[in-house]
Amino acid sequence: MRTTLGHHVSFCLIMTALLACSVLFTSGCTQIKGMLRDAKKPEKTEVVKVTNIEGDISTEVVAGGAPQASMRLWREGDVAKIRNNTEANVDVSGFDPTSEVIVTEVVDGGNELVLRVAKKSNVKVRLSSKCQVYTIGNTDVLPPIEIAKGLDPQQVIITPLCDGVNSVIGYEIRYGAVDAGCRNAAKKGLERYRLCDERRSKPPHSPPIHGPCKYFGVGC
């Protein structure tokens, strides 16, 4: 009886150990697969030069076979920061425009632009100061907007951003109207909004916004 019980206990211990190893192995395989997926090289290289001029973002595609980039916006959680009066080459080769957006926040009155990748399914904007500006590109769906508690009431100004052929490619969201002292923050958004009213044939030298410029909600 003792021998049978001892064998039963030993068998249980062995099976428990094997099960634990199996779980660890499966978990390890999942992590390795995730790492391999993240390391997968995109089919083509896309690099955009992003410039910050007092909080105004402009973009330009960097041409060439293998352009150098100092920052990367590929997947949810990736962040790029660009100080005032500076520019940076941002690699967007791994960005998935079917499921992701790039959110640009103007920080400290334009002293810095903070760009981050978010999923379209859970992106949201949180306003926490007067004249604060967000730009969201690569979407025609307005995300949820939250206002921090304790702020003085201001208008929330939502400006569609268009590509020149009457297609919305993003939104600018601002906490504060022009007559409330947010004129400087509003200027560029208003200029881009005019493209939404211009259903017209554009000249050859001014094509519709396309490619990686669209990801940022602005044109090249």
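What follows draws every value from the coordinates through simple rules; no lab data is involved. No experiment lies behind these values; they were computed from the predicted model shown. Cβ: placed from backbone, ideal geometry, glycine included. Neighbour counts: every protein chain shown.
Observations on the model:
- When you count the other C-beta atoms within 10 angstrom of each residue and take the mean per peptide, 146-153, 81-88, 54-61 line up highest first as 54-61, 81-88, 146-153.
- Violating pairs (Cα-Cα greater than 20 angstrom) within the set K49/K214; K120/K214; K44/K214; K49/K81; K119/K149: K119/K149
- Label point distance in nm, D140-I158, each placed 7 Å from Cα along Cα→Cβ: 1.6
- Counting 0.36 nm for each residue step from I147 to K119 and taking away their Cα separation leaves a gain of 8.0 nm.
- The translational diffusion coefficient of region 124-164, from Stokes-Einstein at 20 °C and 1.002 mPa s with a Kirkwood hydrodynamic radius over alpha carbon pairs, comes to 183 µm²/s.
- Inter-label distance, nm, simple model (7 Å from Cα along the C-beta direction), V178/S93: 4.3
- Ranked by how many other beta carbons lie within 10 Å on average, peptides 69-77, 171-179, 113-121, 211-219 from highest: 211-219, 171-179, 113-121, 69-77
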